[in-house]
Amino acid sequence: MAMSGQDLSRTGQSRLRQFEEAPRPMVGYANDYVPGHWTGLHRHPRAQLLFAVAGVMRITTEAALFVVPPGTGLWVPADTLHGVQMDGVVRMRALFLRADAAASGPSAVTVIAASPLLRELILTVCGEPVVWDAGGPIRLVAELVLHEIGRAGTRPLSLPACRDPRLARVAAALIADPADPRDLDALAVVAGASVRTLARLFRTDTGMSFQQWRCQLRMTEALARIAQGVPPARVASAVGYASVPAFGAVFRKTFGTTPAMAGPEKRGTLPSWSALRGPSPPKAEVI
């Protein structure tokens, strides 16, 4: 996943400057995007908390691809090169945080669980002007936002980047079709490398075996689709499972809940939605 440059248009940069230079410790940004919209690669001088009221965001960084469904947010530290792809209609509500306020957040790009309280706080800040009344009650809301960010659980809903060109070709094929059934032998042809080399590249580039990386891809993609309301049976097929029970078992092991209970109709009332633990870390292997 090679990235360089800054593709955000001058119009976009100009429009966002007021949020990046606001005198307040935190300001809200609200915008709706059409399906497939790509922001281009860009950086911000301030940290961001990206959150979608509806739709799924796919955020690319130099280290990983992050899939962020409703109910989660993505913390992006200042000056991080990233691009956002909109999966479906996305109603983005984001926060820009000054350096002193950003100290409450993680040091790296991180998917966090957005509690119902944090969701409402984000919406409240986004409803305020860029230069809000520093002496008014909104300052207490801003302080509570920082408290909630500091205590939020993290969700490893990301796919490690594949930097080697041979590995990147394989990753692109599987990301385009998570149900692709080809094994390492067949994918070695796509990579233009031997099976042994391809297996080694997965471990050295991503820290995972090929099987672990593909499972992470399938489960992350499954959660994104379920969050958009796609029925579990269709999701199972779309990510490569011939059996719905088998898919459900892996999903439950990965996220700690069933596909049906992770759907949008359950999100507002189910405590475990905000407690989804994300894909389990890979088991230690002898490399």
May I ask you to list pairs of residues, at least six apart or on different chains, whose Cβ atoms are under 6 Å apart, with the first in the range 58-77 being closer than 19 Å to Asp32 by Cα and the second being among the acidic types (Asp, Glu)? Arg58/Asp87
Tell me, yes or no, whether the range 50-69 has at least one residue that is outside any strand (DSSP E or B), open to solvent by less than 10 Å² (accessible area, probe 1.4 Å) and modelled with pLDDT under 95. yes
Just a yes or no: is a residue in the range 199-209 open to solvent by 50 Å² or more (accessible area, probe 1.4 Å), among the charged types (D, E, K, R) and in contact with a strand residue (DSSP E or B) (Cβ under 9 Å, 6 or more places away or on another chain)? no
Out of (1) open to solvent by less than 70 Å² (accessible area, probe 1.4 Å); (2) under 16 Å from Leu157 (Cα atoms); (3) modelled with pLDDT under 90, what's the single condition that is false for Pro259? (3)
When you look at Ala188, is it free of Cβ contacts under 8 Å to residues at least 60 places away in the same chain, open to solvent by 70 Å² or more (accessible area, probe 1.4 Å) and either within 17 Å of Ala64 (Cβ to Cβ) or among the small types (Gly, Ala, Ser) (or both), yes or no? no
Determine the pairs where a residue that is more than 24 Å from Gly71 (Cα to Cα) and at pLDDT below 95, located within the range 117-144, has a partner that is in a helix (DSSP H, G or I) and among the hydroxyl-bearing types (Ser, Thr, Tyr) with Cβ atoms under 6 Å apart, the partner being 6 or more residues away or on another chain. none
Go through the range 16-49 and report how many residues are farther than 21 Å from Ala161 by Cβ, outside any strand (DSSP E or B) and open to solvent by 10 Å² or more (accessible area, probe 1.4 Å). 15
Those residues of the range 115-139 which are open to solvent by 30 Å² or more (accessible area, probe 1.4 Å), out of contact with any helix residue (DSSP H, G or I) (no Cβ under 6 Å at 6 or more places or on another chain) and assigned to a loop (DSSP other than H, G, I, E, B) amount to Gly127, Pro129, Val131, Asp133, Ala134, Gly135, Pro137
Restricting the first residue to the range 238-260 and requiring it to be in contact (Cβ under 8 Å) with a residue 12 or more places away in the chain and part of a helix (DSSP H, G or I), which pairs with a second residue that is of a type in the set (S, T, N, Q) and open to solvent by 40 Å² or more (accessible area, probe 1.4 Å) meet a Cβ separation below 8 Å and a spacing of at least six or different chains? Gly248/Thr258; Phe251/Thr258; Lys253/Ser280; Thr254/Ser280
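The values are calculated or read from the model by the stated rules, or taken from the named source; none is laboratory data. Keep in mind that what you see is a predicted model, and the values were worked out from it rather than measured. Note that each Cβ is placed from the backbone with ideal geometry, even for glycine, and that neighbours are counted across all protein chains shown. Note: areas computed on protein heavy atoms with side chains; ligands, DNA, RNA excluded. Shrake-Rupley method; radii C 1.70, N 1.55, O 1.52, S 1.80 Å.
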